[in-house]
Ligand SMILES: Cc1cc2nc3c(=O)[nH]c(=O)nc-3n(C[C@H](O)[C@H](O)[C@H](O)COP(=O)(O)OP(=O)(O)OC[C@H]3O[C@@H](n4cnc5c(N)ncnc54)[C@H](O)[C@@H]3O)c2cc1C
């Protein structure tokens, strides 16, 4: 495997790195404190072409491969993992359409993302169905006129308050049905310039029939620059052309989505881990105690070495997983889980140890490391908690 980046890949890395340096890092603590959704940054990212990485050439005119996608998300995450989570969520929601939708569905449901800076949500988790998503109860039921009605509630949904389209996984026929489907629910397009107040939650009456009810944005420990809310679907009319692929194969499609998306979460983890290492190196090079720079005190130096090793090793795991996804290798699932798992460990380790090396200053919110420590936790939780990744790895190796 050649680790040299192609000219295109290097260009993506340089472009995103410049964007992060100019548009995110100087304002990130202020943005994070404001609790306001960073529409400006998202719009600029869209203009730069670093949103909607999974949309195929047939719709967008060009395609970004999974290795480049991982590099872009990693660079963006170096700036802020709430912003990259929100950006990457479009791909989480849209990859199933790219992978299993018909040409008409790709054009109808992916085309708008090329035309406008709009957001999508991926609706899998429910209050009673988290790690065990097969126990979900949201369902579609066919009516006499041949259309279906979608009913149920999803929780912890990224971008929910601002989304123009929802990708929803649901049971077929009844809440306890054996089959799972994937349906697309376009909502009213919501542009950054639209004066919509999402703070109290909102109800959207869909032109096609039925209602989407969005809860208040969740008040979170970290990743405050991503939006998270509950979404309830009430008698939402679903036509045949809103069902992706085979309406019995939803569970397989979830696995396909996660095989693609877990390396992207790993990219989020590696980006955060590297940022934590860099801000800690900068701090410990400046701060002196016992007559020496902190980075020169042997025990502190050892911690910095451990942090650097975690960053480098998780980056290697990420690149291997992205390569396996790109080459559509049979064993991509185990490497996707490995990368997600070790990158989450790296993010948590580097943020926690980095905070420690800042001493009391690390506990102050004006130091970025305190924000990174808050942000890191979710990387070990969303798209499958640590134990679920271990379950997948364990099942594959024995
Ligand atoms: C900020 C944020 C954004 C999110 N975005 C989305 C989104 O866009 N779309 C979406 O569908 N979901 C989203 N999620 C949901 C996320 O994927 C789930 O929270 C996650 O899968 C875990 O489910 P749960 O919270 O119900 O925890 P549970 O499944 O209840 O697990 C709780 C704990 O139990 C233990 N556990 C669980 N399973 C096992 C096991 N098999 N073996 C041993 N121990 C186990 C683990 O310690 C785990 O942390 C988001 C969550 C958050 C917090």
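The values are calculated or read from the model by the stated rules, or taken from the named source; none is laboratory data. Values in this document were obtained by computation on a predicted structure and should not be read as measured data. Every residue, glycine among them, receives a Cβ derived from its backbone with ideal geometry; neighbour counts consider all protein chains shown.
Some observations on this one:
- Within the stretch 287-322, the set of residues being more than 33 Å from the chain's Cα centre (by Cα) and under 22 Å from residue 78 (Cβ atoms) comprises 295 only.
- Residues that are away from the ligand (no atom under 14 Å from the Cβ) and not assigned by TED's automatic domain parsing to the domain that holds residue 64 number at least 3 in the following strands (runs of 3 or more DSSP E) confined to the stretch 80-194: 139-142, 148-158, 163-172, 180-186.
- Positions within the stretch 363-398 being part of a helix (DSSP H, G or I), more than 16 Å from the ligand (Cβ to nearest atom) and in contact (Cβ under 8 Å) with a residue 40 or more places away in the chain, in sequence order: 368, 369, 397
- Evaluating residue 37 against the criteria (1) more than 16 Å from the ligand (Cβ to nearest atom); (2) closer than 29 Å to residue 124 by Cβ; (3) in a loop (DSSP other than H, G, I, E, B) leaves one unmet condition, (1).
- Selection within the stretch 210-231 - touching a residue at least 40 places away in the same chain (Cβ under 8 Å) and closer than 15 Å to residue 166 by Cα: 210, 212, 214, 215, 227, 228, 229, 230, 231
- Where a residue in the stretch 66-77 is closer than 12 Å to residue 50 by Cβ and its partner, wherever it lies, is outside any helix (DSSP H, G or I), with Cβ under 6 Å and at least six apart: 69/53; 72/50
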